[in-house]
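The values are calculated or read from the model by the stated rules, or taken from the named source; none is laboratory data. As the structure is a prediction and not an experimental result, all values here were calculated from the model. With ideal geometry, Cβ positions are generated from the backbone for all residues, glycine too; neighbour counts draw on all protein chains shown. Just so you know, the surface numbers come from the protein's heavy atoms only, side chains and all, with ligands and any DNA or RNA stripped out. Shrake-Rupley method; radii C 1.70, N 1.55, O 1.52, S 1.80 Å.
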Amino acid sequence: MYTKTEIFNDIVSILKNDYAGYEDKKKYNYPERYTVTNNMDDATFTQTIQEYLYGFKDGHLSFRNKKSEVPFRGFRVRRYEDALYVTEILGELHLHVGDKIIAIDDDSINLAASRYSTYLQHDIFERQTWNNLLPFVEHITYERDGEQYELDLSEYSRPAYTPIYDLKQLDENTVYIKLTDFGQSEPIQKMMEEHEVLLNSIQNIIFDVRVNYGGNDLFYFPLVGYTIDETVRASQIVQPDEAMYTNYTANNCDLWIESLSDYLKQPLDEATKAFLEKEIQKFKTNYGIGMKKVEDNEDFIFEPKGNAQKVFILSDVTCGSSGETFIKNLKHSPKVIVIGRPTMGILDYFNVTTKNYGNFEFSYSISKIYEKNHNNATGTLPHIHIPWTPQHLVEDVDLNYALSLRESVLLEESISPKEIIDVQMEMQTFDMSKSDTWTDEQWAIWRGDEYMYDDVGIKLLLLDDQDLFMKIMGISHNEITDAMNFSFDVVNKMSQPIALQFVEWTIEGKTFDLSHEPFIIINANSDVPRFRKNIIRSYKDDWQHTAITVNLLHAITFKPIRTLQFSIQKVFTQLF
């Protein structure tokens, strides 16, 4: 039987030695900031360990009490602008789906986001993990139909998870397949075999993995054939330099061999069984040697299946692990279109194993990909980004959009004539050599505008015509990642939905290609939640001129409407 301090010390040791990110995540590993004693209750102990792990910003790190789950509040939420919206009711009958939560424990949502940023993991609203925070919230203020209500939160039994592997025919040309994990081989194989005749004749397939808890990549391999038109090797659908490293410590090898042996107990096809047996042998061969680049000599061959002309994959931040690799590996097929929001972003570190401590268990990754291809901060991007809004609670916006695209063709580039729009960005400067002569009023002006030196306070109107309103709402730099960020507000004034495609961004003569990033869909006569675009450029590098090129497309047909190039020039005015 482990004591609480023994468990904590062992987890600290694993994160310093066995965890695949032990080197990359050193800057986040500060166990000395957390106090664990044997006398603390289980709930406080679990919360303390979770807070320690949240600091690593790796969704594959988790700790739980197997006998006593953290409090469950009977509902789930998602953030939109300055409020949380109830997305699901699982016991709390005082609330309805769509209720707007404006305060938690008397804090506004903005203040709570700042106070509890460790739990939320992201700055981007639609990616924030507010359900991580709900167990520690006691009271909420919410609105419904213009009325305001108060509610003290209660605890409910957490509903048991039941995997969904569901296939249904939407019409004579379209099949919809929902998969909430890739944790089991047999039900997925069985579903595909039972509907093989239908799948071989259908024109459109929609895979819904917006909620997908991962599992094993091998178990989605039976689906790959329906997304390709020619024979493809597994090595062809990953990045050429996407090297994989595994930390073959003795502890990791023991745990992983045990996990793979458990997988072998499932009903599997012969190819999958052979692959797992070779993986076990690989860990036995490399037992105890530590971190090593994995030379993968095994290469699955995928043959095309069926006659589908288009394959749509619905994506969201609740798609993680093997669900993410499903999207990441298949999105490059010419007939695949990924719609929705970026995935969870937990692929940098993978191959998750679990250390058992009796009533508690700790899960962590033993493998990682080459740092150049890390994307935990962004997740895997869709082709078409549909921002989450409360309208998603009323209708299936993503599915409806996929259905509308069945006869459309995504354009590789716009053929619209380019409109050059010159924009001046006024910058205020001061002659500091004369500051000893400044009046109190001048000092007050200088103190108020000092932030302008790093452009944080910039608000710059780019366009406001009969079609579009577009404004830069802030310019900032991330000194750690060297990301230069522009934040945008956009309003579509047209009576048709549009897709914004950021094509390229040129700054001081260097051009960054943005054309591979997701389209941003904006409904007719509506705005879109504030979004950011960024390039990698040191905050130490000054700039005087930048140009951003944007395609404006019809959101259904993708017919070009306009191509806009915003040419932004800094103009300096010395006040005194």
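Miscellaneous remarks
- From S321, S315, residue being within 30 Å of E88 (Cα to Cα), touching a Phe, Trp or Tyr at 6+ places or on another chain (Cβ under 9 Å) and crowded, with 22+ Cβ neighbours inside 10 Å: S321
- Considering P529, P497, the condition of being under 18 Å from the mean Cα position of the chain (by Cα) and not basic (K, R) is satisfied by P529 alone.
- Conditions (1) among the β-branched types (V, I, T); (2) open to solvent by less than 80 Å² (accessible area, probe 1.4 Å); (3) in a helix (DSSP H, G or I): number failed by V197: (2)
- The residues listed here are D58, D42; of these, the one that is touching a strand residue (DSSP E or B) at 6+ places or on another chain (Cβ under 9 Å), open to solvent by 50 Å² or more (accessible area, probe 1.4 Å) and under 26 Å from N131 (Cβ atoms) is D42.
- Every pair of residues 6+ apart whose Cβ atoms lie under 6 Å, when the first sits in the range 163-186 and is among the basic types (K, R) while the second is open to solvent by less than 10 Å² (accessible area, probe 1.4 Å): K178/D208
- Among (1) touching a Ser or Thr at 6+ places or on another chain (Cβ under 9 Å); (2) farther than 19 Å from P529 by Cα, the one test that G98 misses: (2)
- Of all residues in the range 401-420, none satisfies the criterion of being modelled with pLDDT under 60, touching a Lys or Arg at 6+ places or on another chain (Cβ under 9 Å) and exposed (fewer than 15 other Cβ atoms within 10 Å of the Cβ).
- Exactly one residue among T246, T272 is in contact (Cβ under 8 Å) with a residue 24 or more places away in the chain, surrounded by 12 or more Cβ atoms within 10 Å (Cβ to Cβ) and farther than 16 Å from I366 by Cα, and that residue is T272.
- Scanning the range 466-520 for residues that are free of Cβ contacts under 8 Å to residues at least 40 places away in the same chain, of a type in the set (D, E, K, R) and farther than 20 Å from K559 by Cα yields K471, E508, K510, D513.
- Among the conditions (1) closer than 15 Å to M244 by Cα; (2) touching a residue at least 24 places away in the same chain (Cβ under 8 Å); (3) open to solvent by 30 Å² or more (accessible area, probe 1.4 Å), E295 misses just one, which is (2).
- Checking each residue in the range 19-54 for being closer than 22 Å to G214 by Cα and touching a helix residue (DSSP H, G or I) at 6+ places or on another chain (Cβ under 6 Å) picks out only Y54.
- Condition met for D464 (at pLDDT 80 or above, over 30 Å from the mean Cα position of the chain (by Cα), open to solvent by 40 Å² or more (accessible area, probe 1.4 Å) and over 17 Å from D542 (Cα atoms)): yes
- Test: residue in the range 118-141 that is open to solvent by 60 Å² or more (accessible area, probe 1.4 Å), in contact with a Pro (Cβ under 9 Å, 6 or more places away or on another chain) and more than 29 Å from F56 (Cα to Cα): no
- A single member of K284, K278 is in contact with a helix residue (DSSP H, G or I) (Cβ under 8 Å, 6 or more places away or on another chain), in a helix (DSSP H, G or I) and open to solvent by 10 Å² or more (accessible area, probe 1.4 Å), and it is K284.
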